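Peer 1: First the structure, then my questions, so here it is.
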């Protein structure tokens, strides 16, 4: 890492700079470049060194392919765009200025210029040698495919995909960053299409919570088809061959955030407790032969799908 006295600040485009961690500890150097705003992308909780002199936007994330940096693109872009609207100069930094900070800059450039990750990367590499990790590049491609917006359902499914990968790589599922789909029984408006427990009739999931799968064999990931509405007609068309309907990780499913790898899906209805299926971060197979990762499966013999014709 360059010493704090060394000028490691690179101009990417007008009023947008990129650096490693060291220059951010040198107030005179920052002032020399006219920096007014700083996006700090680190994996620690250290307080900003000069809170009275610069406006900060803090992103806490590790430089690993399975880290969910996608969740920070929108807020970082808004911060940078607002600073530029005020004629401010923005410095984006991480530890080395090679992966995390460049990824945030790329996401901003993509949205600002409506361009693809490769073209944006060429812009940044003309200013500084950078190399975002492969997981971050995949998230930038998704950012582009989603047209720089990520609705709640897409965000949940992507976070679940990352959690499944971490389980595969590390042997344990993440806890805090697993986004759970809301319990439809607690929603203010009744959804048009629901899946409910056959025993007690308690509503379990809605149309948007169902994850369609292609008849096997082969792996099916939660990110595939995430931009399109779930086709419940398709689910019904597979009933003769399929024994399960796969759903997102729901708030009412026990143990999902406890660090476990697998568990039983039990109806949350009062005085019910019917065993509805199982969940497994490593995945599970349907009777049709499809392998779904991660898997949150409800047995079709245990539930009813209502108002599925749309």
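The values are calculated or read from the model by the stated rules, or taken from the named source; none is laboratory data. Just so you know, these numbers come straight off a predicted model, no measurement behind them. A quick note on method: Cβ atoms are made from the backbone with ideal geometry, for glycine too, and the neighbour counts reach across all protein chains shown.
Peer 1: Buried (at least 17 other Cβ atoms within 10 Å of the Cβ), at negative phi, out of contact with any helix residue (DSSP H, G or I) (no Cβ under 6 Å at 6 or more places or on another chain) and in contact (Cβ under 8 Å) with a residue 24 or more places away in the chain: is that true of residue 268 in this structure? Spell out the reasoning first.
Peer 2: Numbers: buried (at least 17 other Cβ atoms within 10 Å of the Cβ): yes; at negative phi: yes; out of contact with any helix residue (DSSP H, G or I) (no Cβ under 6 Å at 6 or more places or on another chain): yes; in contact (Cβ under 8 Å) with a residue 24 or more places away in the chain: yes.
Considered against the rule, which asks whether it is buried (at least 17 other Cβ atoms within 10 Å of the Cβ), at negative phi, out of contact with any helix residue (DSSP H, G or I) (no Cβ under 6 Å at 6 or more places or on another chain) and in contact (Cβ under 8 Å) with a residue 24 or more places away in the chain, residue 268 comes out as yes.
Peer 1: Are any residues in the range 219-255 within 25 Å of residue 273 (Cα to Cα), more than 19 Å from the chain's Cα centre (by Cα) and modelled with pLDDT of 55 or more, and if so, which ones?
Peer 2: Selection gives 242, 243, 244, 245, 246, 252, 253, 254, 255.
Peer 1: For the list (1) under 17 Å from residue 12 (Cα atoms); (2) touching a residue at least 12 places away in the same chain (Cβ under 8 Å), I need the number of the one condition that residue 136 fails.
Peer 2: Every condition holds for residue 136 apart from (1).
Peer 1: Within the range 85-102, restricting attention to residues that are surrounded by fewer than 24 Cβ atoms within 10 Å (Cβ to Cβ) and more than 17 Å from residue 53 (Cα to Cα), which residue is farthest from the chain's Cα centre (by Cα)?
Peer 2: Among those that are surrounded by fewer than 24 Cβ atoms within 10 Å (Cβ to Cβ) and more than 17 Å from residue 53 (Cα to Cα), it is 85.
Peer 1: Can I ask one more? When only residues in the range 32-80 that are in a helix (DSSP H, G or I) and without any contact (Cβ under 8 Å) to a residue 40 or more places away in the chain count, which is farthest from residue 168 (Cα to Cα)?
Peer 2: Initially, the range 32-80 is screened for residues in a helix (DSSP H, G or I), giving 32, 69-80.
Still in the running and without any contact (Cβ under 8 Å) to a residue 40 or more places away in the chain: 32, 72, 75-76, 78.
Working: 32: 47, 72: 24, 75: 29, 76: 30, 78: 34 Å.
The residue in question is 32.
Peer 1: Sort out which residues of the range 289-310 are part of a loop (DSSP other than H, G, I, E, B), over 22 Å from the mean Cα position of the chain (by Cα) and closer than 22 Å to residue 161 by Cα, and write them in order of number. Explain how you work it out, then say what you get.
Peer 2: Narrowing the range 289-310 to residues part of a loop (DSSP other than H, G, I, E, B): 289, 294, 300-302, 307-310.
Those still in the list that are over 22 Å from the mean Cα position of the chain (by Cα) too: 289, 300-302, 307-310.
Listed by number, the list holds a single entry, 289.
Peer 1: A follow-up question, please. Given the condition modelled with pLDDT of 75 or more and surrounded by fewer than 16 Cβ atoms within 10 Å (Cβ to Cβ), answer yes or no: does some residue in the range 286-294 qualify?
Peer 2: Filtering the range 286-294 for residues modelled with pLDDT of 75 or more gives 286-294.
Still in the running and surrounded by fewer than 16 Cβ atoms within 10 Å (Cβ to Cβ): 287, 289.
Checking the range 286-294: at least one residue is modelled with pLDDT of 75 or more and surrounded by fewer than 16 Cβ atoms within 10 Å (Cβ to Cβ).
Peer 1: To continue, here is another question. Given (1) loosely packed, with under 14 Cβ neighbours inside 10 Å; (2) under 21 Å from residue 163 (Cα atoms), where does residue 282 come up short, assuming only one miss?
Peer 2: (1)
Peer 1: OK, next. What are the residues in the range 255-269 that are touching a strand residue (DSSP E or B) at 6+ places or on another chain (Cβ under 8 Å) and within 12 Å of residue 280 (Cα to Cα), if any?
Peer 2: 255, 256, 261, 262, 263, 264, 265
Peer 1: Follow-up. Here are 3, 65: which of them is farther than 28 Å from residue 119 by Cβ, in contact with a helix residue (DSSP H, G or I) (Cβ under 9 Å, 6 or more places away or on another chain) and at pLDDT below 95?
Peer 2: Details: 65 fails: farther than 28 Å from residue 119 by Cβ.
When all the criteria are applied, what remains is 3.
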